[in-house]
1. With the calculation restricted to Cα positions, what are the radius of gyration and Dmax of the stretch 299-428 in angstrom?
2. Rg to Rh ratio, the stretch 370-415, alpha-carbon atoms and Kirkwood radius?
3. In terms of Cα to Cα distance under 24 Å, which lysines are near enough to LYS300, apart from those fewer than 8 places away along the same chain?
4. Lys/Arg Cβ at +1, Asp/Glu Cβ at -1, dipole of the chain taken about the Cα centre: which of TRP27, HIS39, LEU94 is farthest positive-ward?
5. Could you give me the percent of Cα pairs per 5 Å distance bin for the stretch 219-317, shortest bin first, beginning at zero and ending with the bin that holds the maximum distance?
6. Could you work out what % of the accessible surface of the stretch 1-213 is carbon and sulfur, using a 1.4 angstrom probe and leaving DNA, RNA and ligands out of the count?
7. Can you give me the three principal axis dimensions of the chain from its C-alpha atoms, in Å, biggest first?
8. When we measure straight from the Cα of LYS72, which lysines land under 30 angstrom away, once same-chain ones fewer than 8 places off are left out?
Amino acid sequence: AEVRLSRRRWAVVLLFSSYSLCNAFQWIQYSSINNIFMHFYGVSAFAIDWLSMSYMLTYIPLLFPVAWLLDKRGLRLIALVGSALNALGAWVKLGSLKPHLFPITILGQVICSLAQVFILGMPSRIASVWFGSHEVSTACSIAVFGNQLGIAVGFLVPPVLVPNVEDVEELAYHISIMFFMTAGVATALFILVVIVFKEKPLHPPSRAQALIQSRPTEEYSYVRSILRLLRNANFLLLMVTYGLNTGCFYALSTLLNRMVIHHYPGEEVNAGRIGLTIILSGMVGALISGIWLDRTKTYKQTTLIVYIMSLVGMIVYTFTLSLGHLWVVFVTAGILGFSMTGYLPLGFEFAAELTYPESEGTSSGLLNVSAQIFGIAFTIGQGQIMDRFGTKAGNIFLCSFLFLGTVMTAFIKADLRRQRANLDNEQT
């Protein structure tokens, strides 16, 4: 097949990033003002944490059906369902603007968590199907960008839109503004997906993708593909290390408001800005990682270096959080975010290399299942440790698992199968 790049590819990846952004915003919008929603609904901190953890819990049982659907029905259907559920969940939340309607907000959040299952595993698949071999890692970074930017907006906007006031009626008014804005944006993005998002370009963008598209459909078995992945020792190591790193990030994001408010009472807005700093610096890290991988193809070395930086950043953040200087927290959080968030697209792309020609949706999905499992365990574990022994003990708990992940990453072999396929075809 003729290899040619499509001009539509940038529109597709930016649109995906946009509705992924909206979904990620809805994930963190409760946790970023945890104390305000506790007051409004009259529930515990643990109940608000579960609004965040519902995203992680829903993903685990639904990954395999959605990954199967992605392989059988393609990208467009997955994009339509994901963006539609995202909009539906946002509208349902508008029915929860009374203190006794907490179950309705849970329902809306669960619907949004279903949408996330149709979103999280897509970046590497979109990058492979639409982009050439020299830009595939950069494209994956841009696709992951949207999700990270959504978390950043979720840290920044809710503290500004919803001030910490005592009057419940006034609080409901401010919350309604945030919910209406979210629902409007989610609906507009769904309409754009219907119009713009296509299954695949007319011509394959790379030789590796041309090989996959030329393979007869009956040769592919979804179950056999999963079994092959689970027999791939390097991928299994990556799956565990990715889960450890990303699970720490999920726990840190969910509990950030509680940590900052504990040491700096009344600083809800700055707690949101610290979360924003983590994500924005991480987006810079992700983009630099993607460009670096496209230039050098040093997947193993880059992944290990970024993992070590995540561990060092977490240690520094742990021992500077309680010093009493907010500017120090901003600096250390930025250093931590640069490496920890920058690791996310690295994991997707390294997995795609280690598992070629298996579906990127399946390998990304397994990485995300690992992340959700560790995310739930770390969020509950760190939350309980913080309640009993303080924030420093909770953060040391995360540091120990990042150290374990760093050691395990060193044992992954750089078996770059996708790069070999591209080189073999060019030589042929």
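1. Considering the stretch 299-428 through its Cα atoms, Rg and Dmax are 17.8, 63 Å.
2. On the way: Rg = 13.1 Å, Rh = 11.7 Å.
We get a ratio of 1.12 for the stretch 370-415.
3. Output for LYS300: LYS413.
4. Of TRP27, HIS39, LEU94, it is TRP27.
5. Spelled out bin by bin, the stretch 219-317 gives 2, 10, 14, 18, 16, 13, 11, 7, 4, 2, 1, 0, 0 percent.
6. Exposed carbon and sulfur together represent 70 percent of the surface.
7. Computed over the chain, the largest-to-smallest principal extents equal 70, 44, 34 Å.
8. Qualifying lysines at Cα under 30 Å: LYS198, LYS200.
The values are calculated or read from the model by the stated rules, or taken from the named source; none is laboratory data. All figures in this text were calculated on a predicted structure; none of them were measured in a lab. Positions of Cβ are generated from backbone atoms using ideal geometry, with glycine treated the same way; all protein chains shown enter the neighbour counts. Remember, those area values only see protein heavy atoms, side chains included, never the ligands or the DNA or RNA. Shrake-Rupley method; radii C 1.70, N 1.55, O 1.52, S 1.80 Å.
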